[in-house]
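Structure first, commentary second.
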Amino acid sequence: MKRIRAITAIFFMMMTFLPAPASAISIPDELELADEFMEMIHQQQVILDDPAANHLINEIGRHILAQLPPQPFNFSFFLINDGTFNAFASPGANIFVHRGLITALSSTDELAGILAHEIAHAVSRHVSQSIDRSKLVNIGTLAGVVAGIIVGSAGGGGEAAQALTMGSMAAGYSSMLTYTRENETEADQKAFTMLQQTCFSPKGLLDSLNELRATDYMGVEGIPDYFKTHPGTGSRIAHLSALLSDYTHAPPAKNTSPVTYNYDMVKYRIIGLYEPVADSIKTIESRISQDASNPALYYGLGLLYARENRRDQAIVQLQKALSFNLMDPLILLDLGRIYALDGQYDKAMNILPGIQSDPVLGTWARYYLAVAQLESGDVPSAEQNLTRVIETSPKSFPRAYYHLGAIMSKKNRIALSHYYLGIYYDLVQDSKNATRHLKRAIDQGLDDPDTKTAAEERLKRISSGKRPS
């Protein structure tokens, strides 16, 4: 663990920012690095595909970016499956947020402050300036280093992380990389200016830094101060406090919040679905005793109980949460999902259709509905909904392909069954079984020429070692 944290810190040293006069690598070179970097990250499956959390970070990010002039890169926002308090910019304006950041903060304004800070790093091209300084490190080396570090940080497999990182990092390169407080101050200043043009209060950035400072006070065992990912927290707080001393937040009326869901609901969803179960249950039960009118607490507790297969108790907690807002789509989605897990298919099929029109959660509702229909014997409806799911979101629901493979097998459409199973195993990165099923699909004779071409192209890509597209 100590080694992983140390390597993580080296990544942030690599990604930190040089003074303004420093040159930067070319935009084509940075795009090449970004592509290789993202290829490795996707292969390690450390990106968390949660609809509510991804909606939160993407909508906040887009709202901030809308206030800026055109940029040389297309910004993308990703959620990393890591419980620590962190966020960072990587090559090519890819912004990463740890799930632990969402669970540690208290409001949309605070998260917007952190995201504006990282966007400011990317806008200033601090990342590319730092890379340019490390001229001895080629594109492949840098991609391997940064990808391996994130895998280690997110718990994606220690040996895999070390193979990616240490196998491509030459001794002494890290000593060339600086980590300056001045760059943090510059990013804070630009973030403050950005936030003034949005519906988010710049005070959120200050509040988030206070949360970070509280984390610092607890200490990170075995890691020196200069290795920490956000240096100079105290001076940054003082600087922002001075900026805020004569600031009155009055954003234009048109800049209404783009975020659909209550922050606490998303926060406790993340806790309920991904944080350690036993400790989280104790924490939330304690908070309920102090704040019994917060539906997000019951929602999170219900999700935690479901992970322990205490489904009766989970349903009770979700119903308590729903009593505060009978139409909350997040609660309804998970209530329907847990009903299906509990074998109460009629109840699941009664709830889930009403959420299919939700622009964020609709596809997830359709998938859980299809599972309930399949388990209850309504195979035609299940097939129809599963097909819609993979058409809408082809990579988010690997099990949809698995279920379709089983359905096709029962219908004696063997080639198509193998085709769907090949895609399923490809998405879960089991290349051996993916190859086996796709070859069988082709050999058995796929009726549709386009499907056959798709199978051949997927098989070729798997053979080349590239990730699913």
Count - residues of the range 48-93 that are under 24 Å from residue 365 (Cβ atoms) and either crowded, with 22+ Cβ neighbours inside 10 Å or under 12 Å from the mean Cα position of the chain (by Cα) (or both): 16
Of all residues in the range 236-262 being modelled with pLDDT of 80 or more and touching a Ser or Thr at 6+ places or on another chain (Cβ under 8 Å), the one that is surrounded by the fewest Cβ atoms within 10 Å (Cβ to Cβ): 239
Looking only at the range 34-61, and only at residues there that are out of contact with any Ser or Thr (no Cβ under 9 Å at 6 or more places or on another chain) and over 30 Å from residue 355 (Cβ atoms), the one that is modelled with the highest pLDDT: 35
Any chance residue 233 is at pLDDT below 95, out of contact with any Phe, Trp or Tyr (no Cβ under 7 Å at 6 or more places or on another chain), surrounded by 15 or more Cβ atoms within 10 Å (Cβ to Cβ) and under 22 Å from residue 248 (Cα atoms): no
Any hit, the range 406-413, residues being surrounded by 14 or more Cβ atoms within 10 Å (Cβ to Cβ) and closer than 23 Å to residue 40 by Cβ: no
Count of residues meeting criterion [assigned to a helix (DSSP H, G or I) and at pLDDT 50 or above] in the range 165-207: 21
Any hit, the range 121-129, residues being surrounded by 19 or more Cβ atoms within 10 Å (Cβ to Cβ), of a type in the set (D, E, K, R) and out of contact with any helix residue (DSSP H, G or I) (no Cβ under 8 Å at 6 or more places or on another chain): yes
Residue 341 in contact (Cβ under 8 Å) with a residue 24 or more places away in the chain and within 24 Å of residue 43 (Cα to Cα): no
Breaking point among (1) modelled with pLDDT of 95 or more; (2) exposed (fewer than 15 other Cβ atoms within 10 Å of the Cβ); (3) at negative phi; (4) not small (Gly, Ala, Ser), for residue 421: (2)
Residues being of a type outside the set (A, V, I, L, M) and either touching a strand residue (DSSP E or B) at 6+ places or on another chain (Cβ under 7 Å) or surrounded by 12 or more Cβ atoms within 10 Å (Cβ to Cβ) (or both) - total across the range 283-299: 7
Helices (runs of 4 or more DSSP H) contained entirely in the range 281-379, each with at least 3 residues that are within 28 Å of the chain's Cα centre (by Cα): 295-307, 311-322, 329-341, 362-376
Some residue of the range 281-301 being among the β-branched types (Val, Ile, Thr) and touching a residue at least 24 places away in the same chain (Cβ under 8 Å): yes
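The values are calculated or read from the model by the stated rules, or taken from the named source; none is laboratory data. Source: prediction; values computed, not measured. No Cβ is skipped: glycine too gets one built from the backbone with ideal geometry, and neighbour counts run over all protein chains shown.
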